[in-house]
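**Q** Below you'll find the structure I mean.
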Amino acid sequence: MLTSSSKKIVIKLGSSTVVDKKGRFKREWVDSLVKDIKKYKENKDVVLVSSGAIALGLGYLKIKKKKIKLEMSQAIASVGQIHLAGEFQKIFDKHKFNIGQILITPDDTEQRRRALNVRRTFENLFKLKAIPIVNENDTTATSEIKYGDNDRLAARVAQIIGADTLIIFSDVEGLYDKSKKKKILIRKVTDINKSIYNLADKNKNLYGSGGMVTKLDAAKICINSGCNMYIANGKYKNPIKNMIENKIYTCFEAKISTLDARKKWIISSLTSNAKIYIDNGAAKALIDGKSLLPSGITKVSGKFNKGENILIVNSQEENLARGLSSFSSEEI
Ligand code: GLU
């Protein structure tokens with residue numbers, strides 16, 4: 001289950017889980033979450049994706065939420081984000097955790113080169129034992145290039161960093177089947193089809209731009225990339241402990257393992273023109289499932305950075321393999 005086997009966890013917090021109706025940061029709740037993270041973290045990498053910049057900005061600036069134009073909400077988010085980060089920092093400091101802030105736009109996750117860069121930053125934050133705290137960069141994202149909801153953003157982050165678990169804390173316990181007299185919490189979903197979408201409540205909460213539909217979209221991304229996704233209630237304190245002890249949540253079960261997903265991602269990536277040429281001995285070793293050693297490399301063509309997707313060919317230019325290079329072309 002959840003904590004024992006998972007190694008990389010993304011936790012998504014909706015606006016209404018971190019900001020109350022009066023636009024104030026929910027310090028006690030977040031404190032209880034951080035306590036839970038401390039308790040269950042062990043050797044896991046944890047990422048927080050937190051909404052709440054606009055909600056906190058509205059509260060801080062004492063603006064009542066009406067229809068706010070995008071340009072204005074960008075400015076409000078800019079005020080709110082700095083407070084959001086400050087609030088997180090105080091709490092994580094208290095529990096002796098380092099944190100780092102990452103604000104991203106869809107370009108950062110949808111463009112391969114940028115996604116690789118984003119992944120590298122996450123990996124380095126993990127090396128520094130810092131918990132990345134992510135939000136959309138609301139101040140620069142325009143409506144056409146905006147995620148708008150952090151559910152799908154969190155799923156893409158989970159996919160890029162190869163997380164095995166995404167937990168979305170929301171103001172609901174999970175996905176309900178309301179077609180019967182008594183509503184039933186669906187505990188496990190293995191296929192996100194039309195009938196699952198039909199169960200989605202179209203209502204949204206006070207601040208959030210997401211809803212059940214965007215959560216299902218997020219679940220689709222997750223389960224196809226080897227990541228189990230959970231929707232659980234973030235209304236009560238110690239949300240992770242509650243999840244584990246009470247087992248009240250909906251789990252969307254991954255269809256493939258993260259390893260297979262990584263291989264799929266490597267294979268389906270756009271062809272790069274970077275190539276590594278290897279000799280026959282190295283070719284045989286690769287085919288036998290062994291590693292590529294530097295002595296087997298005869299030539300490098302094209303320029304690439306560390307972590308980029310490259311093609312491995314033999315002297316007759318036959319494609320043998322594809323992989324992510326641990327070195328840049330220059331280093332090789
Ligand atoms: N990025 C927005 C914020 O921080 C929230 C988006 C969402 O509702 O998920 O206010």
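**Q** Please determine whether any residue of the range 82-98 is closer than 17 Å to Leu153 by Cβ, of a type outside the set (Phe, Trp, Tyr) and modelled with pLDDT of 90 or more.
**A** Yes: the range 82-98 contains one or more residues that are closer than 17 Å to Leu153 by Cβ, of a type outside the set (Phe, Trp, Tyr) and modelled with pLDDT of 90 or more.
**Q** Still on this structure: Which one of the conditions (1) surrounded by fewer than 17 Cβ atoms within 10 Å (Cβ to Cβ); (2) aliphatic (A, V, I, L, M); (3) closer than 30 Å to Phe252 by Cα; (4) modelled with pLDDT under 90 does Ala130 fail to meet, given that it meets all the rest?
**A** Failing condition for Ala130: (4).
**Q** Suppose we filter Val19, Val49, Val30 for residues that are surrounded by 20 or more Cβ atoms within 10 Å (Cβ to Cβ), closer than 26 Å to Asp164 by Cα, more than 18 Å from the chain's Cα centre (by Cα) and within 15 Å of the ligand (Cβ to nearest atom); which single one remains?
**A** None of the other options fit; the residue is Val30.
**Q** Within the range 133-167, track down each residue that is more than 18 Å from Gln111 (Cβ to Cβ) and surrounded by fewer than 18 Cβ atoms within 10 Å (Cβ to Cβ).
**A** Result: Thr139, Ser143, Gly148.
**Q** Taking the condition within 15 Å of Lys26 (Cβ to Cβ) and assigned to a strand (DSSP E or B), does Leu56 pass?
**A** No; evaluated as a whole, the condition is false for this residue.
**Q** Given the criterion free of Cβ contacts under 8 Å to residues at least 40 places away in the same chain, of a type in the set (Lys, Arg) and surrounded by fewer than 18 Cβ atoms within 10 Å (Cβ to Cβ), identify the matching residue among Lys241, Lys290.
**A** After applying the criteria, what remains is Lys290.
**Q** Could you please tell me which pairs satisfy a Cβ distance under 6 Å, a separation of 6+ or placement on different chains, a first residue in the range 118-129 that is closer than 15 Å to Asn98 by Cα, and a second residue that is among the aliphatic types (A, V, I, L, M)?
**A** Going by the 6 Å Cβ cut-off, the qualifying pairs are Phe122/Ile161.
**Q** Taking the options Phe169, Phe122, name whichever one is of a type in the set (A, V, I, L, M, F, W, C) and away from the ligand (no atom under 16 Å from the Cβ).
**A** Result: Phe122 is the single residue among Phe169, Phe122 that is of a type in the set (A, V, I, L, M, F, W, C) and away from the ligand (no atom under 16 Å from the Cβ).
**Q** Taking Ser170 as meeting all but one of (1) within 13 Å of the chain's Cα centre (by Cα); (2) of a type outside the set (A, V, I, L, M, F, W, C); (3) crowded, with 22+ Cβ neighbours inside 10 Å, write down the number of the exception.
**A** Going through (1) within 13 Å of the chain's Cα centre (by Cα); (2) of a type outside the set (A, V, I, L, M, F, W, C); (3) crowded, with 22+ Cβ neighbours inside 10 Å one by one, Ser170 breaks only (1).
**Q** I've got another one for you. Could you count how many residues in the range 110-125 are surrounded by 17 or more Cβ atoms within 10 Å (Cβ to Cβ) and within 25 Å of Val34 (Cα to Cα)?
**A** Residues meeting the conditions: 4.
A quick yes/no check of all residues on (1) within 13 Å of the ligand (Cβ to nearest atom); (2) farther than 30 Å from Lys38 by Cβ:
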position	(1), (2)
Leu56	yes, no
Leu70	yes, yes
Ala77	yes, no
Glu87	yes, no
Lys96	no, no
Ile99	no, no
Asp108	no, no
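**Q** Shifting gears a bit: Can you work out which of the residues in the range 171-208 that are of a type in the set (A, V, I, L, M) and outside any loop (DSSP other than H, G, I, E, B) is modelled with the lowest pLDDT?
**A** Leu199
The values are calculated or read from the model by the stated rules, or taken from the named source; none is laboratory data. Bear in mind the structure is a predicted one, so any value in this text is a computation, not a measurement. With ideal geometry, Cβ positions are generated from the backbone for all residues, glycine too; neighbour counts draw on all protein chains shown.
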